[in-house]
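Beneath this line is the structure, given in structure tokens, with notes to follow.
The values are calculated or read from the model by the stated rules, or taken from the named source; none is laboratory data. These numbers were taken from a predicted model, which means no experiment stands behind them. Because the Cβ atoms are built from the backbone with ideal geometry, glycine has one as well, and the counts that use them run over all protein chains shown.
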Amino acid sequence: MIYTAVITNRGVEAATNVSFALQHSPKAAFLNSSLGNCSGSATVNCTMGMIPAGTSIPVTYTLQLSPDATGILTSSVSITTTKMETITSNNTMTTSTTIAPLPTVRFSQVSQTVYENVPTATVTVTLDVTPTFTVTVNYDVVGATAVSNTDYTLSTPRTITFSPSITTQIITISIIDNNIWTGSRTLNLQLSQQTNAALAQANTQLTLLDDDKVAYQLFLPYITH
């Protein structure tokens, strides 16, 4: 998150040895400032030097939020100078920002079943709230008794993208009907490496039911008289 604070010297003389101090939420980390020469973590101190009379200087600073940062986050900026001031009540500014919880990405079902004679199977991935920014998540096969390119095909790259306002996306799996009795097979999918989202229900299992008939061969005893 990028903030801008405008520092103005309303006096008739130059303000000397001006220092800029930033206090921010513990759920945010200081990354950088347009002032450059800053130090500290919970409280960040920056040197501004001299501000001429009647001059305004914009100062930008960037905070990186932790993944669990939600609710109201505050940051406070205060200015000090070695020049004698008659009014100091306007030397501090506090900004409050409301951080909405991240959307949660998940498979809509823990498991589902299809017959192998259907051309495709679809697996639904959803977000629990409408995103205001782009969300991505990877998916892949993490275990299966079904064999790739024999029982199914799954295209690459295996990344789902939720554009802002989109809450549902579909993974399409092509099913191969091999006309051979092999019994039921399973395909396990897993979500991972999500961006701008939390992860829940990251695994689902797709079962492929064999629709082929078992071939039996009956041997009769050979009887002679």
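Figures for the structure shown
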{"read-out": "Pairs with Cβ under 9 Å, 6+ apart, first in the stretch 149-174 and not assigned by TED's automatic domain parsing to the domain that holds Q193, second in a loop (DSSP other than H, G, I, E, B)", "value": "none"}
{"read-out": "Only one of S56, S78 that is within 14 Å of S19 (Cα to Cα) and of a type in the set (S, T, Y)", "value": "S78"}
